[in-house]
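A quick write-up on the structure given underneath.
The values are calculated or read from the model by the stated rules, or taken from the named source; none is laboratory data. Because the structure is a prediction, the values reported are computed rather than measured. Note that each Cβ is placed from the backbone with ideal geometry, even for glycine, and that neighbours are counted across all protein chains shown. Surface areas here come from the heavy atoms of the whole protein model, side chains and all, with no ligands, DNA or RNA. Shrake-Rupley method; radii C 1.70, N 1.55, O 1.52, S 1.80 Å.
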Amino acid sequence: LQILSQLYKDEDRISISDSAYADMRQISQKSDRINIVLDLIYHSAYNELNLEHCASTMNMSKTYFCRWFKKMTGHTFTTYRDKVLIERFCQELISSDKNISNLAFDMGFESVFHFNRTFKKVKGISPTQYKKDFQNNLNMK
């Protein structure tokens, strides 16, 4: 139990039930270079993670990086980044007592409006509804 507790508290954890993890495993078999970018995505805050930074890290132009990233992952950079960050947010939301806006700011989103719009685009529901649904599911068990 202590090991499980430590794993749960590890901030660098990636849930293997997470769809982004499955994408990452499939992609990592294709190229070692993409792993550099995926590592940036999985370990950076939203405001630190932009197209220009990733393209320059890979010594590519933004245009070439976008084409390369989509070829390697099947997703645009922005879509993939948002998906990963929203999954990370969901894990934090259910494991902490922080409110939604504070957690969004902690993850690097500068605007709650932008965060809510991004969350809804990825999950199909608002963060508030997600939290309510999760709590209702817990109460039913």
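Taken over segment 75-97, the criterion of being under 14 Å from F134 (Cβ atoms) and free of Cβ contacts under 8 Å to residues at least 12 places away in the same chain is satisfied by S96, D97.
Remark: G108 matches the filter, which requires a residue to be open to solvent by less than 70 Å² (accessible area, probe 1.4 Å), in contact with a Leu (Cβ under 8 Å, 6 or more places away or on another chain) and either closer than 24 Å to H53 by Cα or modelled with pLDDT of 90 or more (or both).
Open to solvent by 50 Å² or more (accessible area, probe 1.4 Å) and assigned to a helix (DSSP H, G or I): does that describe R88? Yes.
Residues in segment 64-82 include none that are more than 22 Å from D32 (Cβ to Cβ) and of a type in the set (A, V, I, L, M).
On inspection, R67 does not qualify as in a helix (DSSP H, G or I), open to solvent by 30 Å² or more (accessible area, probe 1.4 Å), at pLDDT 75 or above and closer than 21 Å to L103 by Cβ. Taking every residue in segment 121-141 that is at positive phi and pairing it with any residue that is in a helix (DSSP H, G or I), at least 6 positions away or on another chain, yields no pair with a Cβ-Cβ distance below 7 Å. If we keep just the residues of segment 98-122 that are within 15 Å of N47 (Cβ to Cβ) and part of a loop (DSSP other than H, G, I, E, B), which is nearest to the chain's Cα centre (by Cα)? Across segment 98-122, the extreme among qualifying residues is M107.
Looking across segment 54-64, the residues that are under 20 Å from L85 (Cβ atoms) and open to solvent by less than 50 Å² (accessible area, probe 1.4 Å) come down to C54, A55, M58. Residues in segment 123-133 that are assigned to a helix (DSSP H, G or I) and exposed (fewer than 13 other Cβ atoms within 10 Å of the Cβ) were compared, and the one that is modelled with the highest pLDDT is T128. Within segment 27-53, restricting attention to residues that are part of a helix (DSSP H, G or I), at pLDDT 75 or above and among the aliphatic types (A, V, I, L, M), the residue that is surrounded by the most Cβ atoms within 10 Å (Cβ to Cβ) is V37.
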